[in-house]
Each structure stands twice: as C-alpha cells, then as structure tokens.
Amino acid sequence: MRFHVVSLFPELFDSWRGAGIIGKAHDRGQVEVLFQNPRDFTHDKHRSVDDTPYGGGSGMVMMPGPVVEALEALSTCEEARPHRILLTPQGKRFGQADAQRLAGLPAIALVCGRYEGFDERIRPHVDEEFSLGDFVLLGGEVPAMAMIEAVARLLPGVLGNQASAEDESHVAGLLEYPQYTRPAEFRGASVPEVLRSGDHAAIARYRRRESLRRTKMRRPELLDTAPLTKEDRVMLAELDQEEREDPS
C-alpha cells in the first residue's frame, strides 16, 4: 500500500519511517511512504506557502496553490488517484473503523497542515477530513504518522501475528482485556489463576468479561454501539450487580 504525505517538513518522518514495524514493512515492500513538499510547487523566489488571512486575524494561512498542485501531481505518478485526506482539528475524529476502511485502498494522500490552518479553497480538492481528537497540534505530521501506523498494521503480513490486529481495543467495539506476562508474581501482584489454568474456554470467558468491565469503567459510551451478544449482556448485568454489592 502506498502512503503519500504532503508536508512542509518531510524530514520529521526520517527516523520514524526507518524504525520498528513500519521500517520493516517498508523494507519488504508491503508499504511505501512517499513525500510531496508544497514548497516544490511555489512560483515565487521566496517559495511562499503561506500568507496573512483576508479580513485580518492572527497567524498565517496555507495558500491553496502549492497544496492543490502538490496533490494534483500525485495523480500523474499513480495508476489510480490516491484517496485524499486533510488532517485538521475540524475533521471527523479518526477511529478504528476508519483505519479498517482505509486499509482496503491502494493509495492514500495525507495533507499535513501548519500555521493557522488551510485556505478554505483547498477543501474541495480532498475526499475527507480527519482529526485525532479535540486538541490542536503544531501540524499534521504526528497525526499522519499515527494514521499510517493504524492502517498499515492491518495490512496482511505487516504484523508477525495477524491475530494481534484482530483482538485489540476498539477492533470489536470494546477495550481490550488486561494482559499479563512473566513473572507470575510481581511485588505482591499475581497473574489471575484462570490465565495459568490452560482452560481455553475459561480464559476466553474471563477475557471477554474483563473487556466488558474495562469498557464499562473507562469508555461506557462504547457499549451503546458495540456488537454485544446475549452472553455479553448477561455478564454486564453481573458486573452491575457486583457494583451494587461493592460500590468501592
């Protein structure tokens, strides 16, 4: 899968692209991360990519010309036009379902903002807009890295164990159950006995129950849309009863 990053600071990605799972996937040719700098599409001696906003106001605004031309240039090197995404605090909050949908595309272009934001006339040239959450960063480069990782790890062969991508927080609409590894006891805290029992059915039920418990405690709103089974609802009722009996 090919990821195009439209950024004024592609050097921010240098160490990230060469390290960890993304670096290995890049070396194997499973993902390709390419860069397009809007400064290469300027037409003045200062290579200007931003200007003061019409109507006044603080900060500088990214000009439409360099960004749109950078996006249009991608279509000349692709068999198919890449799916264009604007990274902005005004966008839809990015989630696991979005990562799964984007993982089915051949190519994505991620447009990283800087300064005070984008000229509004850039928006008609993208397909959708995303934000990582209700906060503001210095630019779109960190969100671009996060989104590439979220999508790339879902591609076949990128993770050594594909089950790792199928049994995690948000994949099934719930938060992941608690995980443990050796030693069996650490500073007085022990691994739950059921996880050492070898009873796979009991382990599966324990993990599902703990996933429901953690979601209920930390992100209860997820339960409104998660695909819950009849057994899940029974376990939630049991958890409610436990809370009533021991509110601490």
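Kindly provide the pair-distance distribution of region 42-97 built from C-alpha pairs, with 10 Å bins from 0 and whole-percent values in order of increasing distance.
It works out to 18, 35, 35, 12, 1, in whole percents.
Kirkwood Rh over alpha-carbon pairs of region 185-245, then Stokes-Einstein at 10 °C and 1.306 mPa s: what D in µm² s⁻¹, rounded to an integer?
122 µm²/s
Taking all pairs of distinct Cα atoms, average 1/r, flip it, and tell me the Kirkwood hydrodynamic radius of region 96-215 in Å to one decimal place.
So the Kirkwood estimate lands at 17.8 Å.
Take every Cα pair under 8 Å in the chain that's 6+ residues apart, average their separations, divide by the length, and report that relative contact order as a whole percent.
Relative contact order here is 17 percent.
Per DSSP helix of 4 or more residues, -39500 (n - 2.57); summed, then divided by the residues of the chain. What does that give at 222 nm, rounded to the nearest 500?
The helix-only estimate for the chain comes to -10000 deg cm²/dmol at 222 nm.
Determine the gain in length on full extension of the stretch Asp246-Arg233; use 0.36 nm per residue of separation and subtract their C-alpha separation, reporting nm with one decimal.
Value of the extension gain: 2.7 nm.
According to the Kirkwood expression over distinct Cα-Cα pairs, how big is the hydrodynamic radius of the chain, in Å?
21.1 Å
Within a 10 angstrom radius of the beta carbon, how do Arg153, Arg182, Arg47 rank from fewest other beta carbons to most?
The fewest-first ordering by Cβ neighbours comes to Arg182, Arg47, Arg153.
Put a dot 7 Å past each Cα toward the Cβ at Leu138 and Asp51; how far apart are the dots in nm?
Those two pseudo-labels are separated by 2.7 nm.
Less than 28 Å apart at the alpha-carbon level, and either on another chain or at least 8 residues along: which lysines does that give for Lys230?
Once the sequence-local lysines are set aside, what remains near Lys230 is Lys216.
Scan around Met63 for amide H atoms under 5 Å from its own, H built in the peptide plane at 1.01 Å from N, and keep only partners 5 or more places away or cross-chain.
Residues meeting the criterion, in which the H sits 1.01 Å from N, are Asp50, Asp51.
At a 10 Å Cβ-Cβ cut-off, how would you order Leu87, Leu239, Leu175, fewest neighbours first?
The most exposed by this proxy come first: Leu239, Leu175, Leu87.
Each reported figure results from applying straightforward, stated rules to the coordinates on display, with no laboratory input. These numbers were taken from a predicted model, which means no experiment stands behind them. Virtual Cβ from ideal backbone geometry, glycine too; neighbours counted across all protein chains shown.
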